[in-house]
Amino acid sequence: MRRWLVVGAAGMLGQDVLAAAADAGYEVTGVGRSELDVTDAAATRDTVAGYDVVVNCAAWTAVDDAETHEAEAFTVNATGAANLARAAAASGARLVHVSTDYVFDGGASSPYPEDAPVAPRSAYGRTKAAGEWAVRAEAPDAVVVRTAWLYGAGGRCFPKTIARVAGERDRLSVVDDQTGQPTWTADLADLIVRLVAARAPGGIYHGTSSGEVTWCGFAREVVAASGHATPVDTTTSAAYQLPAPRPAYSVLGHDRLREVGVEPIGDWADRWKVAAPTVLGAP
């Protein structure tokens, strides 16, 4: 398990996976979209050959655009995932595939277990659910890690936006009827490394922080960490007419991690306190 390939390495999560794997002593190579088009099966096969672990952070993540470009999103999120899984299986590499809470309908009131039926309500969710199915079909020993509400230093994210806007406005309004688990990309990267090191059995795991909060509650913590005193008012999802529906409840359970002896990520509020200086201090 010495040689790692991170696909989608230029993205916010990919950057942190590169760093976490290198810190753990692995030989790591990262490829971005310009180096590898995952929709090209032959190129994917050639690129994957020779690696022991392949982490797929590549995805079409423009949730709203996917509503009118579902075929293109499918090509990346499902066909590309299938190509990587097939290539990994052929070369004997272990695949870690990153998925999303959007595979669920968001109608639950308690954390979704790993084996809960998927019921995506958006084009993005449908393409990611198809990618999960393809990965598990082509590479049964692959590790599928669902995550949600990601933020990090290496890209645009909710905390950076809130901190910026809090310095520009007298008060903010943030939705208070969507609940989830803000998750630092550095923590998810660390979890991925720990799952591989533990030789976790193939299957689905949930890679989110523990606990839960609404977007409004998270925004208030971000504003406080940014040093502003800007009031944050509550509002509802109905106030924002977006093309893709957002899950109202995106809390994921972590029982399978514990079953294989891997500790879940800590409470979101505790982890935000650790992450805030790095995330808000980054451009």
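So how compact is the stretch 131-283: Cα radius of gyration and Dmax in angstrom?
16.9, 52
Please pull out the direction-averaged projected area of the stretch 37-131, using the convex hull of its alpha-carbon atoms, in nm² to one decimal place.
Hull-based average projected area comes out at 6.4 nm².
Among LEU280, LEU191, which comes first, second and so on when ranked by fewest other beta-carbon atoms within 10 Å?
Going from least to most buried by this count: LEU280, LEU191.
If neighbour count is taken as other Cβ atoms inside 10 Å, put HIS254, HIS69 in order from fewest to most.
In increasing order of surrounding Cβ atoms, one gets HIS69, HIS254.
Please provide three numbers in whole Å: the alpha-carbon extents of the stretch 211-256 along the principal axes, with the largest listed first.
Over the stretch 211-256, Cα extents along the principal axes are 38, 31, 14 Å.
Taking only the C-alpha atoms, wrap a convex hull around the stretch 158-222 and report its volume per residue in Å³ as a whole number.
89
With a 10 Å Cβ neighbour count serving as the proxy for reagent exposure, in which order, fewest first, do THR208, THR278 appear?
Ranked by crowding around the Cβ, least crowded first: THR278, THR208.
Would you be so kind as to identify which of GLY30, SER91, VAL76 lies farthest towards the positive end of the dipole of the stretch 12-107, taking Lys and Arg as +1 and Asp and Glu as -1 on Cβ and the Cα centre as origin?
SER91
With N denoting the number of residues in the stretch 4-92, provide Rg(C-alpha) divided by 2.2 N^0.38 Å, to two decimal places.
1.09
May I ask for the net charge around ASP267, where only other residues with Cβ less than 14 Å from the Cβ of ASP267 are counted and Lys, Arg are +1 while Asp, Glu are -1?
-3
Determine how many Å³ per residue the convex hull of the Cα atoms of the stretch 66-220 encloses.
Once divided by residue count, the hull of the stretch 66-220 is 132 Å³.
From the P(r) of the stretch 1-47, could you give the percentage of C-alpha pairs in the tail past 18 Å?
Roughly 30 percent, once rounded to a whole number.
Going by a ≥ b ≥ c, the root eigenvalues of the Cα gyration tensor, does the stretch 219-283 fall in the rounded group (a/c under 1.5), the prolate group (a/b larger than b/c) or the oblate group?
Oblate.
Using only DSSP helix segments of four residues or longer, with each worth -39500 (n - 2.57), what per-residue ellipticity at 222 nm results for the chain after dividing by its residue count and rounding to 500?
Calculated mean residue ellipticity at 222 nm is -11000 deg cm²/dmol.
Please compute the net charge surrounding ARG199, taking Lys and Arg as +1 and Asp and Glu as -1 over other residues with Cβ under 15 Å from its Cβ.
+1
So if I average 1/r over every pair of distinct C-alpha atoms in the chain and take the inverse, what Kirkwood radius in Å does that give?
In the chain this quantity evaluates to 19.1 Å.
Each value in this text was obtained by applying a stated rule to the coordinates, not by laboratory testing. These numbers were taken from a predicted model, which means no experiment stands behind them. Positions of Cβ are backbone-derived with ideal geometry, glycine not excepted, and every protein chain shown enters the neighbour counts.
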